[in-house]
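The values are calculated or read from the model by the stated rules, or taken from the named source; none is laboratory data. Since the structure is predicted, the reported quantities are computational estimates derived from the model, not experimental observations. A quick note on method: Cβ atoms are made from the backbone with ideal geometry, for glycine too, and the neighbour counts reach across all protein chains shown. Side chains included, ligands, DNA and RNA excluded: accessible areas come from the protein's heavy atoms. Shrake-Rupley method; radii C 1.70, N 1.55, O 1.52, S 1.80 Å.
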Amino acid sequence: MKSLFKKIGLISLILASVFMVFSCASAPKIESVPREAGVAYTLTLVHTNDHHGATLSKDGSYGLAERATYIKQIRAENKNVLLLDAGDINTGTALSNMFYAEPDIFAYNMMGYEAVSFGNHEFDGTLAKLEDQIAKADFAWMAANITRKDGSFLGKPYITRDYEGFRVGVLGLTTLRTLVIASPDASLTFADEVETAAKYVDILRNKEKCDIIIVLGHLGDIEEAAGQNTSLKIAEKVDGIDIIVDGHAHSFFEEPRKVNNTWIVSSNEWGKYVGTGTLTVVDGALVSFDWHAEKITSEAYPADADILAMLDPYIVKANESLKEVVFQTVSGLPAGNKDSRKWETAIGDFVADAQDGYLASHGVSVDFGFTNGGNIRADFPAGDVTRENVLTVLPFENYVYVVTLNGSDVADLFQFIATLNQGAGGFPQMSKNVKYTLTYDAEGKNGQISDVTISGEPIDTSRTYRIAINNYLAEGGDGYEVLTRSIDTFNTSMLMSDVVIEYAQSLTEPVSAETSGRITVIGGISK
């Protein structure tokens, strides 16, 4: 019997050894890319960010087909090309919105994008919509700091690419501001950007043997709220990042910024510019980075025929409904340089009044209404306004809600408004029943609010108020946690865009570009 046990033990030892051999064979050690000492190798990095459905060229600027022509030229002139996008493909023009960015994603496939980081606007719709977009993409959707309920990644945390003489690791990151300014599915978890970056830089350097590390981040270089991990902060806090390709703030860089030996680049918005840089790598280290932002125009880069052919069926179908004239303006309602994020605007007044007016015409009375300035994305033209114009001004699939707050919560609401920096997307555009004064420092910060009245009266903390807003704000978007305290919430099931159209059509005269002194701004950003 002892002999039998010895034989069984020997067999077990042999089997264990065999399994160990096969296990090692199935998970080979990752080797560094071979290179010649002292030889300079190059890579052309091409990147965009904050596309926002800018599918077609406008006034000879940008356009997917024009961008494709430039990228084809770059590929023809350079041996190694890495094409990346730092997020926010979604939410912009009516053409893109109508088809849930399908034509944009297919164009990205045709151009050969390798990776796109998740932007906050990728979470404007449902998770099912985003899953469908992920499935349609030939490129990798990326974020190392977004996971599902089961711990798996929503997209990919990183990708690696081998070139002659060096290996590149591209790490995806998405700003935690997404939890405040968008509506990601509750099943998703967002991890701290700095901690995630530090963890995966180590993995890419030491496990994946990457020589060059690029963070593809929808982060932004501008601090929108205290404690935000901008691209600048991540570069400062995390060693070992060679380049951050940034998005979110729509910033235009004339030249790269350098923080803690990390180059940071961003190329504005809508494909107006395509960032293009040459990396020179010697002995596995980045020794130079020659970068510029290439302006994309129809004159310089005529539209690519293949992209236009792919887009044509979408354009034909969209034009059937988008070109319908739905109302008129006297002289247009300009959005300016994102003016609705800074002070009272005529277009902001009109949109806020539309919520109140629509509700009143359907027997629902409210004390006031408002919309977030960041919800207004373009101008209403002078004269005829089409459905396409409306969907471009209000591209988000937002519904009109009515919330009821106690008077004390309404007081908190206005105190919160004072904490929003001028230029923040949450800056409110109020309906006609509201008046107040905001006083800022010279940078549009440290706001103080005073002289608040609703229908000519100070806030009465002993009563309740009904407020017309959109569902994004009702859910606490842009930091409006106070609105989630509603004691009675009503969803009209009407899209903001449809509400604006119906309200405009109820007016006896064309919409005029006038403000009425609802918000008085003292100090702050100069007009």
- Task: Please calculate the 1.4 Å probe accessible area of M310, with all protein chains present, and give it to the nearest 10 Å².
- Result: 40
- If the range 374-480 were replaced by its equivalent ellipsoid, with semi-axes equal to the square roots of 5 times the Cα gyration tensor eigenvalues, what would those be, largest first, whole Å? 26, 18, 14
- Message: Restricting to DSSP H runs of at least four residues, report the calculated mean residue ellipticity at 222 nm for the chain, -39500 (n - 2.57) per run over all residues, nearest 500 deg cm²/dmol.
- Response: -9000 deg cm²/dmol
- Task: Report, for the range 218-284, the % of DSSP beta bridges that are antiparallel, rounded to 5.
- Result: 50
- Cubic angstrom per residue, convex hull over Cα atoms of the range 308-411: 142
- Message: If you roll a 1.4 angstrom probe over the protein chains with everything in place, what fraction of the accessible area of the chain belongs to carbon and sulfur, to the nearest %?
- Response: 52
- Item | the range 273-346: equivalent-ellipsoid semi-axes (sqrt of 5 x gyration tensor eigenvalues, Cα, Å) | 40, 25, 11
- Message: Along the charge dipole of the chain, pointing to its positive end and built from +1/-1 on Cβ of Lys, Arg, Asp and Glu, which listed residue (A65, S455, V521) has its Cα farthest out?
- Response: A65
- Item | About the Cα centre, charge dipole magnitude for the range 297-438 (Lys/Arg +1, Asp/Glu -1 at Cβ), debye | 360
- Could the peptides 423-430, 330-337 be put in order, highest first, of the mean number of other beta-carbon atoms found within 10 Å of their residues? 423-430, 330-337
- Query: So in the chain, what percent of DSSP beta bridges are antiparallel if you round to the nearest 5?
  - Reply: 65
- Task: Determine which lysines satisfy two conditions relative to K323: a Cα distance under 19 Å, and not lying fewer than 8 residues away in the same chain.
- Result: K58
- Hey, with R₀ at 35 Å, roughly what FRET efficiency would F153 and I449 work out to, going by the Cβ-Cβ distance, to 0.05? 0.25
- Leading residue at positive end of dipole, the range 303-348 (Cβ point charges), from P313, S331, T345: T345
- Query: So for the chain, what are the equivalent ellipsoid semi-axes in whole Å, largest first, each being the square root of 5 times an eigenvalue of the Cα gyration tensor?
  - Reply: 47, 28, 23
- What is the spin-label model distance, in nm, from S361 to A225 if the labels are put 7 Å beyond Cα along the C-beta direction? 3.5
- Count charges around S455 for me, please; just the other residues with Cβ under 15 Å from its Cβ, Lys/Arg as +1, Asp/Glu as -1. -1
- Note on the structure: For the chain, longest principal axis from Cα atoms; helix 64-77 axis from its Cα atoms; angle between them, nearest 10 degrees, is 30
- Task: Any chance you could give the angle, 0 to 90 degrees and rounded to 10, that helix 305-322 forms with the longest Cα principal axis of the chain?
- Result: 30
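From largest accessible area down, sort T55, T515; use a 1.4 Å probe on the protein chains.
Greatest to least solvent exposure: T515, T55.
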- Angle between the Cα long axis of helix 346-361 and the longest principal axis of the chain, 0 to 90 degrees, nearest 10? 70
- Query: In debye to the nearest 20, how big a dipole does the chain give about its Cα centre with +1 on each Lys and Arg Cβ and -1 on each Asp and Glu Cβ?
  - Reply: 1900
- Query: So what is the accessible area of the range 249-298 per residue, in Å², with the probe set to 1.4 Å?
  - Reply: 43
- Task: Once every Cα of the range 144-217 carries one equal point scatterer and solvent is ignored, give the base-10 log of I(q)/I(0) from the Debye formula at q = 0.14, 0.18 Å⁻¹, two decimals.
- Result: -0.47, -0.71
